[in-house]
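Engineer: Before anything else, here's the structure in question.
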Amino acid sequence: VLVMDDEEGVLEFSRMVLTELGYEVVTARNGEEAIAEFHAALDAGERFAAVMLDLTVRGGMGGKEAIAELRRLDPDIKAVVCSGYSVDPIMANPAQYGFTAVVTKPYDVADLAQTMAALTGTDRKA
């Protein structure tokens with residue numbers, strides 16, 4: 001799972017929870033890093049089971065911009081948009097913007113586990 005967020009604490013929490021659930025986790029601090037990690041995985045013949053993209057990144061590319069490039073590279077990618085701004089239109093209509101699912105911040109561990117299990121076809125519960 002590729003997780004992109006500009007807050008170190010959120011990245012560490014996400015890595016800890018997802019690792020505990022049995023996922024391998026790669027992190028990125030902005031959209032540019034996420035796209036680079038995605039390219040590196042494809043170049044190595046690997047695919048991410050899912051990506052989690054923070055909608056808003058201070059001083060860098062956020063999820064809305066990053067998903068367009070990731071979808072170009074892999075039209076079938078399972079992408080979760082993450083934000084604390086529940087009123088954003090992307091959070092209300094994720095599919096319209098290229099996302100598969102929504103997880104709101106602050107993360108609820110059970111919700112995160114359920115969303116990731118549904119996207120990856122696994123039965124990993126918190």
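Engineer: For M52, which of the numbered conditions (1) assigned to a loop (DSSP other than H, G, I, E, B); (2) within 19 Å of Y85 (Cα to Cα) fails to hold?
Structural biologist: (1)
Engineer: Give me a count of the residues in segment 75-111 that are in contact with a helix residue (DSSP H, G or I) (Cβ under 8 Å, 6 or more places away or on another chain) and either in contact (Cβ under 8 Å) with a residue 40 or more places away in the chain or crowded, with 16+ Cβ neighbours inside 10 Å (or both).
Structural biologist: Within segment 75-111, residues that are in contact with a helix residue (DSSP H, G or I) (Cβ under 8 Å, 6 or more places away or on another chain) and either in contact (Cβ under 8 Å) with a residue 40 or more places away in the chain or crowded, with 16+ Cβ neighbours inside 10 Å (or both) number 18.
Engineer: Across segment 13-34, which residue is surrounded by the fewest Cβ atoms within 10 Å (Cβ to Cβ) among those that are of a type outside the set (G, A, S), in a helix (DSSP H, G or I) and within 12 Å of the chain's Cα centre (by Cα)?
Structural biologist: Once the filter is applied, the top-ranked residue is R15.
Engineer: Continuing with this model, one more query. Could you check segment 1-12 and list, in sequence order, the residues that are surrounded by 21 or more Cβ atoms within 10 Å (Cβ to Cβ) and not acidic (D, E)?
Structural biologist: Answer for segment 1-12, where residues must be surrounded by 21 or more Cβ atoms within 10 Å (Cβ to Cβ) and not acidic (D, E): V1, L2, V3, M4.
Engineer: Is one or more of the residues making up segment 26-34 without any contact (Cβ under 8 Å) to a residue 60 or more places away in the chain, in contact with a Leu (Cβ under 7 Å, 6 or more places away or on another chain) and closer than 16 Å to D76 by Cα?
Structural biologist: There is no residue in segment 26-34 that is without any contact (Cβ under 8 Å) to a residue 60 or more places away in the chain, in contact with a Leu (Cβ under 7 Å, 6 or more places away or on another chain) and closer than 16 Å to D76 by Cα.
Engineer: Something else now. Would you mention how many residues in segment 95-126 are more than 12 Å from L53 (Cα to Cα) and not in a loop (DSSP other than H, G, I, E, B)?
Structural biologist: Result for segment 95-126: 15.
Engineer: Here's a follow-up. Within segment 45-55, track down each residue that is free of Cβ contacts under 8 Å to residues at least 40 places away in the same chain and either over 11 Å from D6 (Cβ atoms) or not hydrophobic (A, V, I, L, M, F, W, C) (or both).
Structural biologist: Of everything in segment 45-55, those that are free of Cβ contacts under 8 Å to residues at least 40 places away in the same chain and either over 11 Å from D6 (Cβ atoms) or not hydrophobic (A, V, I, L, M, F, W, C) (or both) turn out to be G45, E46, R47.
Engineer: Please identify the pairs in which a residue from segment 6-23 that is without any contact (Cβ under 8 Å) to a residue 12 or more places away in the chain and under 19 Å from Q114 (Cα atoms) has its Cβ atom under 6 Å from the Cβ atom of a residue that is aliphatic (A, V, I, L, M) and outside any helix (DSSP H, G or I), counting only partners at least 6 apart or on another chain.
Structural biologist: Correct list of pairs: T19/V25.
Read the figures in this text as sums done on the coordinates, not as results from a lab. All of these numbers come straight from a predicted model, not from anything done at the bench. Because the Cβ atoms are built from the backbone with ideal geometry, glycine has one as well, and the counts that use them run over all protein chains shown.
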